[in-house]
1. Just to verify a result, which residue in the range 25-57, among those that are of a type in the set (S, T, N, Q) and not in a loop (DSSP other than H, G, I, E, B), is nearest to the chain's Cα centre (by Cα)?
2. Please go through the range 191-201 and pick out each residue that is surrounded by fewer than 12 Cβ atoms within 10 Å (Cβ to Cβ) and either free of Cβ contacts under 8 Å to residues at least 40 places away in the same chain or closer than 20 Å to Ser118 by Cβ (or both).
3. Please enumerate the residues belonging to the range 143-184 that are surrounded by 15 or more Cβ atoms within 10 Å (Cβ to Cβ), over 24 Å from Lys29 (Cα atoms) and out of contact with any strand residue (DSSP E or B) (no Cβ under 6 Å at 6 or more places or on another chain).
4. Take the residues in the range 1-55 that are farther than 23 Å from Gln66 by Cα, in contact (Cβ under 8 Å) with a residue 24 or more places away in the chain and charged (D, E, K, R); name whichever of them is surrounded by the fewest Cβ atoms within 10 Å (Cβ to Cβ).
5. Residue pairs, Cβ under 6 Å, 6 or more apart or interchain, first in the range 80-102 and more than 22 Å from Glu196 (Cα to Cα), second assigned to a helix (DSSP H, G or I) and not charged (D, E, K, R). List them.
6. State yes or no: is Val78 at pLDDT below 95, of a type in the set (A, V, I, L, M), over 11 Å from Ser39 (Cα atoms) and under 20 Å from the mean Cα position of the chain (by Cα)?
7. Under 7 Å between Cβ atoms, which residue pairs at least 6 apart in sequence (or on different chains) link something in the range 148-177 that is without any contact (Cβ under 8 Å) to a residue 24 or more places away in the chain with a partner that is of a type outside the set (Ser, Thr, Tyr)?
Amino acid sequence: MTASGNLFILSAPSGAGKSSLIKALLEQKSSRPMQVSVSHTTRDPRPGENNGEHYHFVSVGNFKKQIKQNAFYEYAEVFGNYYGTSEAAIDAQLAQGIDVFLDIDWQGAQQVRMKKPSVTTIFISPPSRQELENRLRGRGQDSEDVIASRMAQAQKECSHFQEFDYIVINDNFEQALADLSTIVNNQRLKRNQQIEQHKVLLDELIC
């Protein structure tokens, strides 16, 4: 019997390495399928983005209709565009035994936790403020104003670390990846998960 999948939230300030960690985790061999949730958004597709793969691109009217229907685990308006996580889509994936990862901020995590208290939340932290700034500068893409804005936003993100179940310090990438893998495996080995997956065996052992 296949156990239900686990829902994970990964949050981090920009530059902490969250996206790279998620990508590396999904590339590992795993005892069950894993995938990142595909969000709904009202913004226009960018070059190379495909509907249903990178985002579900919908109209503002469609999105607001789904808000009224309470269809999202979480949603937010960012720079005039809406982004949201479909509750039905996530629940369908979990029912198939897929572990699903939500790449959202602390505000989104609060919304999801209200609807699904069993969610496992993980905060990815940079090893220091200076290292975070070095990483942002190392991209060579942002102006001083943008870097200052990202650092201010990072401070706000980090002020909510106590709301998360786990904290992974991304100093050494391989160690951070190992820590993240340990968290995922730990959730799979919890009693209820094991009973659901191995019910026949466990019933036989006590008969």
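The values are calculated or read from the model by the stated rules, or taken from the named source; none is laboratory data. From a predicted model like this one, the values you see are computed outputs, not experimental measurements. Note: ideal-geometry Cβ built from the backbone for every residue, glycine included; neighbour counts use all protein chains shown.
1. First pass over the range 25-57, keeping only residues of a type in the set (S, T, N, Q): 28, 30-31, 35, 37, 39, 41-42, 50-51.
Checking the rest, the ones that are also not in a loop (DSSP other than H, G, I, E, B) come to 35, 41, 51.
Details: Gln35: 10, Thr41: 16, Asn51: 19 Å.
Per the stated criteria, the residue is Gln35.
2. Once the filter is applied, which keeps residues that are surrounded by fewer than 12 Cβ atoms within 10 Å (Cβ to Cβ) and either free of Cβ contacts under 8 Å to residues at least 40 places away in the same chain or closer than 20 Å to Ser118 by Cβ (or both), the range 191-201 yields Arg191, Asn192, Leu201.
3. Hits for the range 143-184 are Ile147, Arg150, Met151, Ala154, Glu157, Cys158, His160.
4. Arg32
5. Taking only residues 6 or more apart or on different chains, the pairs are Tyr82/Phe63.
6. Numbers: at pLDDT below 95: yes; of a type in the set (A, V, I, L, M): yes; over 11 Å from Ser39 (Cα atoms): yes; under 20 Å from the mean Cα position of the chain (by Cα): yes.
For Val78, the condition - at pLDDT below 95, of a type in the set (A, V, I, L, M), over 11 Å from Ser39 (Cα atoms) and under 20 Å from the mean Cα position of the chain (by Cα) - is met.
7. Met151/Glu133
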